[in-house]
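A.B. asks: Take this structure first; my questions come after.
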Amino acid sequence: MRLFIGVIGLYLVAALALPLGLMLAKSLQGPKEEFVGLANYVRYFSTPALFQSIGNSLWVSILSTIITVPLAFVYAYALTRSRMPFRGFFKTVALVPILVPSLLPGLALVYLFGNQGLLKGALLGHSIYGPIGIVMAEVFTTFPHALLIILAALALADARLYEAAVALRASRPKIFWTVTLPGARYGLISATFVVFTTVVTDFGAPKVIGGQYNVLATDVYKQVIGQQNFQMGAVVSVILLVPAIFAFMVDRMVRRRQVALLSARAVPYEPKPQRLFDLLMLGYCVVTGLAILSIVAISQFAAVVKFFPYNLTLTTAHYDFDQKGGGGWASYYNSIRLAFLTGVIGTVVVFAGAYLVEKARGFALGRGIFHFLAMLPMAVPGLVLGLAYIFFFNAPANPLNVLYRTMAILVINTIVHFYTVGHLTALTALRQMDPEFETVSASLKQPFYRTFWRVTVPVCLPSTLDIAIYMFVNAMTTVSGVVFIYGPKTELASISVLNMDDTGEIASAAAMAMMIFYTNVAARMLHLLLARWLTLRTQAWRQR
Amino acid sequence: MGKALRREVGAEEVRRRVTTPYLRISRLTKKFGAFTALDDISLEIVEGEFVCFLGPSGCGKTTLLRAIAGLDIQTTGRIEQNGRDISALPPTKRDFGIVFQSYALFPNLTAARNVAYGLENARVPRAELARRVLELLDLMGLAAHGNKYPAQLSGGQQQRVALARALATSPGLLLLDEPLSALDAKVRVHLRHEIKQLQRRLRVTTIMVTHDQEEALTMADRIVVMNLGAIEQIGTPLEIYREPASPFVADFIGVMNFVAGTVVHDGAVRLGRTELACDVDGLADGTDVTLAIRPEDIEIHDAGRSAPNALAMRVDALAFLGSFFRADLSGETTPGVLLRADLPVEMVRRRGITEKSILSVLLPPERIRVYPGSAANR
C-alpha cells in the first residue's frame, strides 16, 4: 500500500508542490534567473498601476459577497422553509450558473448593458465595463455555490427548537433571529468565504467585462501574456494566493464546527403552509430565477441572430467557429476530450488516493503529507497553478517538459485544480464504511486490493459518479487553470470563448459558451441516468 | 484447566494438550506513547479451549486480542501459535478468523457471498465452495437466507453470517470481539448458547472479548480477568466467582460485600468487638484486612441460639427481586458493618422478616475471603 501512496503522492508532488515551489522561487528572481531577493515585490508595491489592483480586487470581492450571500440566503430560505410550489424546479434553475464558464455572464451583460445594449439606460450613465459589470457577473457565477452551502446549513434545522420557541410564545421575527439564523451561522460564514475566494481568484468575468478596471487575476494574465514578464506574474500570483489561503483556512475551521452541529440528533423541520409568506417567497424565486435564466437566454438568442438587438434575423453564421478568432470546432472537441479524460482518470486517482489516506495502516507521516497536498488545491487559484506549470513544465532541464502544450498536461493540471472537492467527497463515502472490513479481509487471507475492488468500489459507486461529473463539468468550464498551458493543437472551448471575445466576435463567443452549457446539461442528464441504472443493477443491497 | 473441557475430551487428552499449549503469550507489553495498554501479559491457551477476556472498558482486553490478531503489533513480548512464533507476522500471515461487534459484513454481497469470501481465491473448486457455503449457512440455521443482503437480515442473523464467514476457512483460532454487545437482550442470551454449542462441536480454540460478566461466566472454559492492562486472575468461571484472587475481581464479578477488619491470630479476624473465624491465608497478626462475602452466602440463624461467626444485624431495607429478597443489613453490635444478603422468598415469609427486624446473621468461615489492606478505599 505504501507503494501506491507513493505513486499518487508523487503525482501530487510533481503536479502541485514542485510547480508552486518553483513559482515562489521565480518571484524572487530577476529576468536572467538571478536571485534578487524581494526586489520584485518592492517594485510591485512602488508601482501604483500594479498595487492598485489589490484594492480593486478586494472591493469587487467584498461587494459581490455582500450582494450574493443575502440573495442566496433568502432563496435557500424559500426552498427549505416555505411550502411554495415548484421548489425542485427553482433549485435546478439556481444551479445553472455552475454549468457555464464564468465568461458567459460577462458576454450577456455586454449585450444587455453594453455600449449598444438593450438596457444601457438603466445604469444611469455608468459603464458596464468595470466594477459594476464584474460584480453583476460574479453574483451570477457565485450564487449557486453560496446557495448549496446555505441550503445544507438550513437543512440541519431541528424541529424541536422551533416547537420549543412556539411553546414559549416567541414571535416569528424572534424565532428567526434566535433559532434560524444561529442555526445557519456557520453555513453563512462558510458561504461568505467561498464567494469571496471565488471572486478574488476569478479571471473570466473581469477579463470579459472589466474594461480598464484592473484586478489581481487579470494582472497575472497581462504580465504573463501581454508583457511576458514572468517574474512579475509570479509576484502577483503570490499576492493572489494570500487572500485565497486565508479564506480557505477560515472556511476549514468553520466547517469543522459545523460537523459538531450535524452529529446532534435532530428532528427534521417541516414547514407549514402560510399563504402570504409562500406567495412572497415564490415571487422572489421567480424574479431571481428569471434573472439567472435571462443571462443564459440572452446569450443563446444573441448567438442565433445576425446582430443582437438590431438585426434579429435568424442565422447560423456565428457557429462557423472555424472562421472566427478562436480555435474553431476543434477546440470544442478538445474540451470534450479533456473533460472526459479528467472525469475518468481524475476519479480513479482521487478515489484511490482517498482510499489510501483513509484505510492504510501505519505510515502516518506519509498519509498526513498526502492529505495536506490533497487539500492544497482548494486554496490555489487556477491562474496561479497555470503559471506555476509554465515555470515547471517549460523548464528545459525538466524531463517532463515533453508534456508541455499537450493534452496530457491539461488533464494533469485540471485534475489537480479540482482535486480537493473530489478528495473530500471520496473521504466522506469511505468514512461511512465499517472500519473493520480490511481487518476481516486480512483474517480471510485476502489481499487489500481484492476487498477494494469487490466491496469498497461498489459501495462507494454513487460518490464515485459524483466525483466524475464534478470533474467533467469543471473541466468543460475552466478558463483560469488552462489559459497559460494550452497549445495550438489543444485549444479548448472555454479558451475559444475568451479569444473570440478578444477579437470582437462576441456572438460566436456566446455561441461557444452555450455549447459548453448544453454539453454540461447533457453530461448531467447522462450522469443521472447512469446513476439510476447502476443503482438498480449494483445497489440492490441498499433496499431493505 | 477448564472443567467443561475436562469432561468433554477426557483427562488423558487434556494432559497432552496442557503440556503443549496452542497459544502461548509471553511477557507481552503494548505502549501507546506514554500510556501502557498491556503490561507484561503472559498466558497460555490449550487447543479447543474457550477463553474469555473480561474486564471494564480500557482494561486492555481488546488491545490483547488485536495483538494476537496482528492488528496492533505489541511493543515487546512474544506470541506463539501452534508452536510457531507469530510475534511479527502481519494479519494475513496468521491463522485466525474474527468476528466484530459491528459484524463488518460486506453490505453489497449476499449472505452466501460473504461466507464464501475467504474461500474464493483459495483454489477451492466451485462445486466444493458452494457445498461448503451451504453447509456453513445450514450450520447457522441460515439456509433460507443465503441470497439476502445483510441489510435484509436481523441483527442476530447478521452476527451468525459473520460467524460463518469467520469459520469458513477453518481457522485454528477464532477471535470474537464483543460479538453480542450490539444485540438486544433476548437474542443475546440465545446466541450465547448457540455459539458455545458450535464451539464445542467444532472444537475450535476461541478467544472472546467481553465486558459482560454473565456472558463470560456462561460461555467460557476459562476467564482471564483484566484490569489496567494487567491480568488480575485466570481461572474457571467457578474459581473466579468462588475464589476471586483480588478485591478487584471480587468486586467486578457478581455482587460482593466488603468489610474492614484486623487479623487477631491465625484463623480469626476482629470486626469491632466481634471475632470472626476464617482462613486468613497466612497473614500476620495485626494486619488490616478486607473481608469479602457474597450476599447469597450469608445465612440467617435461628435467633437466640448463639453460634460462631454470628452477628446481630438489623434490616434497613428489603427489596423484592423476584426470585429472592435483597436485604440491606447494618450491625447492631458491630456498628459500621453494612452487608447485603440475598434471602429466599420462602424464608422471609416463614420468619416474618420485615424492615427493622433484628436477625442473627451467620457468615460461614469457608465462604469468607480475606484480602490484605483496608476496605476504606472501596
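A.B. asks: Which ones in region A:63-81 are in contact with a Leu (Cβ under 8 Å, 6 or more places away or on another chain) and of a type outside the set (Phe, Trp, Tyr)? Spell out the reasoning first.
C.D. replies: Of the residues in region A:63-81, the ones in contact with a Leu (Cβ under 8 Å, 6 or more places away or on another chain) are A:69, A:72-73, A:75-81.
A:VAL69, A:ALA72, A:ALA76, A:ALA78, A:LEU79, A:THR80, A:ARG81, listed by residue number.
A.B. asks: Which pairs have Cβ atoms under 9 Å, sit 6 or more apart or on different chains, and link a residue in region B:276-289 that is without any contact (Cβ under 8 Å) to a residue 40 or more places away in the chain to one that is hydroxyl-bearing (Ser, Thr, Tyr)?
C.D. replies: The qualifying pairs are B:ASP285/B:THR262; B:GLY286/B:THR262.
A.B. asks: Now, a different point. Restricting attention to region A:452-478, and to residues there that are surrounded by fewer than 21 Cβ atoms within 10 Å (Cβ to Cβ) and facing chain B (nearest Cβ under 8 Å), which single residue is farthest from B:ARG94 (Cα to Cα)?
C.D. replies: Only one residue tops the list, namely A:PRO458.
A.B. asks: Further question: Scanning region B:68-91 for residues that are without any contact (Cβ under 8 Å) to a residue 40 or more places away in the chain and touching a Gly at 6+ places or on another chain (Cβ under 8 Å), which turns out surrounded by the most Cβ atoms within 10 Å (Cβ to Cβ)?
C.D. replies: If we filter region B:68-91 for residues that are without any contact (Cβ under 8 Å) to a residue 40 or more places away in the chain, which is where we start, we get B:70-71, B:73, B:84-91.
Still in the list and also touching a Gly at 6+ places or on another chain (Cβ under 8 Å): B:86-87, B:89-91.
Numbers: B:ILE86: 19, B:SER87: 18, B:LEU89: 15, B:PRO90: 12, B:PRO91: 21.
Result: B:PRO91.
A.B. asks: May I ask you to say which residue of A:THR519, A:THR490, A:THR535 is away from chain B (no Cβ under 14 Å), in contact with a Lys or Arg (Cβ under 8 Å, 6 or more places away or on another chain) and surrounded by 13 or more Cβ atoms within 10 Å (Cβ to Cβ)?
C.D. replies: On the way: A:THR519 fails: in contact with a Lys or Arg (Cβ under 8 Å, 6 or more places away or on another chain); A:THR535 fails: away from chain B (no Cβ under 14 Å).
The conditions single out A:THR490.
A.B. asks: Here is a further query. A:PHE391: more than 30 Å from B:LEU119 (Cβ to Cβ), out of contact with any helix residue (DSSP H, G or I) (no Cβ under 7 Å at 6 or more places or on another chain), more than 14 Å from chain B (Cβ to nearest Cβ) and aromatic (Phe, Trp, Tyr), yes or no?
C.D. replies: Values: more than 30 Å from B:LEU119 (Cβ to Cβ): yes; out of contact with any helix residue (DSSP H, G or I) (no Cβ under 7 Å at 6 or more places or on another chain): no; more than 14 Å from chain B (Cβ to nearest Cβ): yes; aromatic (Phe, Trp, Tyr): yes.
Judged against the criteria, A:PHE391 is not a match.
A.B. asks: Those residues that are aromatic (Phe, Trp, Tyr) and buried (at least 17 other Cβ atoms within 10 Å of the Cβ), I need them from region A:317-339; list them, please. Spell out the reasoning first.
C.D. replies: Step one: list which residues in region A:317-339 are aromatic (Phe, Trp, Tyr), which gives A:319, A:321, A:329, A:332-333.
Answer for region A:317-339, where residues must be aromatic (Phe, Trp, Tyr) and buried (at least 17 other Cβ atoms within 10 Å of the Cβ): A:TYR319, A:PHE321, A:TYR332.
A.B. asks: Of the numbered conditions (1) touching a residue at least 24 places away in the same chain (Cβ under 8 Å); (2) not in a helix (DSSP H, G or I), A:ALA303 satisfies every one except a single condition; which is it?
C.D. replies: That leaves (2) as the condition not met.
A.B. asks: From the residues in region B:315-336 that are surrounded by fewer than 16 Cβ atoms within 10 Å (Cβ to Cβ) and of a type in the set (D, E, K, R), which one is nearest to B:PRO365 (Cα to Cα)?
C.D. replies: Taking region B:315-336 and keeping what is surrounded by fewer than 16 Cβ atoms within 10 Å (Cβ to Cβ), we get B:316-317, B:319-323, B:330, B:332-333, B:335-336.
Add one more test, that the residue is of a type in the set (D, E, K, R), and what stays is B:316, B:332.
Numbers: B:ASP316: 24, B:GLU332: 20 Å.
Per the criteria, the residue is B:GLU332.
A.B. asks: Follow-up question, since we're still on this one. From the list A:THR92, A:THR80, A:THR142, which residue is in contact with a helix residue (DSSP H, G or I) (Cβ under 6 Å, 6 or more places away or on another chain) and over 20 Å from A:THR65 (Cα atoms)?
C.D. replies: Of A:THR92, A:THR80, A:THR142, the one residue that is in contact with a helix residue (DSSP H, G or I) (Cβ under 6 Å, 6 or more places away or on another chain) and over 20 Å from A:THR65 (Cα atoms) is A:THR80.
A.B. asks: Further question: Are any residues in region B:328-377 basic (Lys, Arg) and part of a strand (DSSP E or B), and if so, which ones? Spell out how you get there, then give the answer.
C.D. replies: The initial filter retains those residues of region B:328-377 that are basic (Lys, Arg), namely B:340, B:349-351, B:356, B:367, B:369.
If the condition is that a residue be basic (Lys, Arg) and part of a strand (DSSP E or B), then B:ARG340, B:ARG369 are the ones that fit.
A.B. asks: Test each condition in (1) within 30 Å of A:THR288 (Cβ to Cβ); (2) buried (at least 20 other Cβ atoms within 10 Å of the Cβ) for A:LYS26 and report the one that comes out false.
C.D. replies: For A:LYS26, the exception is condition (1).
A.B. asks: Out of the helices (runs of 4 or more DSSP H) lying entirely within region A:107-216, which hold 3 or more residues that are in contact with a His (Cβ under 9 Å, 6 or more places away or on another chain) and surrounded by 18 or more Cβ atoms within 10 Å (Cβ to Cβ)?
C.D. replies: Details: elements: A:131-154, A:159-167, A:172-175, A:181-201, A:204-209.
Of the helices (runs of 4 or more DSSP H) lying wholly inside region A:107-216, those with at least 3 residues that are in contact with a His (Cβ under 9 Å, 6 or more places away or on another chain) and surrounded by 18 or more Cβ atoms within 10 Å (Cβ to Cβ) span A:181-201.
A.B. asks: Can you tell me which residue among B:ARG123, B:ARG78 is part of a strand (DSSP E or B) and either closer than 30 Å to B:GLY60 by Cβ or charged (D, E, K, R) (or both)? Spell out the reasoning first.
C.D. replies: Working: B:ARG123 fails: part of a strand (DSSP E or B).
Going through B:ARG123, B:ARG78 in turn, the sole match is B:ARG78.
For every residue, the table says whether it meets (1) at pLDDT below 90; (2) of a type in the set (Gly, Ala, Ser).
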site: B:HIS265; (1), (2): yes, no
site: B:GLU275; (1), (2): yes, no
site: B:ARG314; (1), (2): no, no
site: B:LEU318; (1), (2): no, no
site: B:GLY336; (1), (2): yes, yes
site: B:GLU346; (1), (2): no, no
site: B:LEU359; (1), (2): yes, no
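A.B. asks: Out of all the residues in region A:31-38, is one or more assigned to a helix (DSSP H, G or I), among the β-branched types (Val, Ile, Thr), over 30 Å from A:GLU270 (Cα atoms) and without any contact (Cβ under 8 Å) to a residue 24 or more places away in the chain?
C.D. replies: Residues of region A:31-38 assigned to a helix (DSSP H, G or I): none.
No, region A:31-38 has no match at all.
Let's see how each residue does on (1) β-branched (Val, Ile, Thr); (2) under 20 Å from the mean Cα position of the chain (by Cα); (3) at pLDDT 90 or above:
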residue: A:TYR284; (1), (2), (3): no, no, yes
residue: A:ALA291; (1), (2), (3): no, no, yes
residue: A:VAL296; (1), (2), (3): yes, yes, yes
residue: A:LEU312; (1), (2), (3): no, no, no
residue: A:PHE321; (1), (2), (3): no, no, no
residue: A:GLY343; (1), (2), (3): no, yes, yes
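Each row is one residue, and each column tells you yes or no for (1) hydroxyl-bearing (Ser, Thr, Tyr); (2) under 27 Å from A:PRO206 (Cα atoms); (3) surrounded by fewer than 20 Cβ atoms within 10 Å (Cβ to Cβ); (4) touching a residue at least 24 places away in the same chain (Cβ under 8 Å).
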{"site": "A:PHE4", "(1), (2), (3), (4)": "no, no, yes, yes"}
{"site": "A:PRO19", "(1), (2), (3), (4)": "no, yes, no, yes"}
{"site": "A:TYR41", "(1), (2), (3), (4)": "yes, yes, yes, yes"}
{"site": "A:SER46", "(1), (2), (3), (4)": "yes, yes, yes, no"}
{"site": "A:GLN52", "(1), (2), (3), (4)": "no, yes, yes, yes"}
{"site": "A:SER61", "(1), (2), (3), (4)": "yes, yes, no, yes"}
{"site": "A:PHE90", "(1), (2), (3), (4)": "no, no, no, yes"}
{"site": "A:PRO97", "(1), (2), (3), (4)": "no, yes, no, yes"}
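A.B. asks: For region B:109-163, which residues satisfy the criterion of being among the small types (Gly, Ala, Ser), within 30 Å of the chain's Cα centre (by Cα) and away from every other protein chain (no Cβ under 12 Å)?
C.D. replies: Of all residues in region B:109-163, those among the small types (Gly, Ala, Ser) come to B:111-112, B:116, B:118, B:122, B:127, B:130, B:141, B:143-144, B:146, B:151, B:154-156, B:162.
Those left that are additionally within 30 Å of the chain's Cα centre (by Cα): B:141, B:154-156, B:162.
Within region B:109-163, B:GLY141, B:GLY155, B:GLY156 meet the criteria.
A.B. asks: What pairs can you find where one residue is in region A:515-544 and more than 25 Å from A:LEU103 (Cα to Cα), the other is of a type outside the set (A, V, I, L, M, F, W, C) and at pLDDT 95 or above, and their Cβ atoms are less than 7 Å apart, with a gap of 6+ or different chains?
C.D. replies: Sorted first by the residue in region A:515-544, then by its partner, the list stays empty.
A.B. asks: Does B:ILE98 satisfy being under 29 Å from B:GLU215 (Cα atoms), at the interface with chain A (Cβ under 9 Å from one of its Cβ atoms) and at pLDDT 90 or above? Steps first, please.
C.D. replies: Values: under 29 Å from B:GLU215 (Cα atoms): yes; at the interface with chain A (Cβ under 9 Å from one of its Cβ atoms): yes; at pLDDT 90 or above: yes.
So B:ILE98 fits the description; yes.
A.B. asks: Looking only at region B:168-177, count how many residues are more than 11 Å from chain A (Cβ to nearest Cβ) and in contact with a strand residue (DSSP E or B) (Cβ under 6 Å, 6 or more places away or on another chain). It would help to see each step written out before you state the result.
C.D. replies: Kept after step one, since they are more than 11 Å from chain A (Cβ to nearest Cβ), are these residues of region B:168-177: B:170, B:172, B:176.
From what is left, the residues that are in contact with a strand residue (DSSP E or B) (Cβ under 6 Å, 6 or more places away or on another chain) are B:176.
Count: 1.
A.B. asks: Looking at region B:54-95, which of its residues are away from every other protein chain (no Cβ under 14 Å), of a type in the set (Lys, Arg) and more than 15 Å from B:ILE41 (Cβ to Cβ)?
C.D. replies: Residue satisfying the conditions is B:ARG84 alone.
A.B. asks: Could I ask something else about it? Inside region A:414-451, can you point out the residues that are at the interface with chain B (Cβ under 8 Å from one of its Cβ atoms), over 32 Å from the mean Cα position of the chain (by Cα) and among the acidic types (Asp, Glu)?
C.D. replies: Within region A:414-451, just A:GLU436 meets the criteria.
The values are calculated or read from the model by the stated rules, or taken from the named source; none is laboratory data. No experiment lies behind these values; they were computed from the predicted model shown. Positions of Cβ are backbone-derived with ideal geometry, glycine not excepted, and every protein chain shown enters the neighbour counts.
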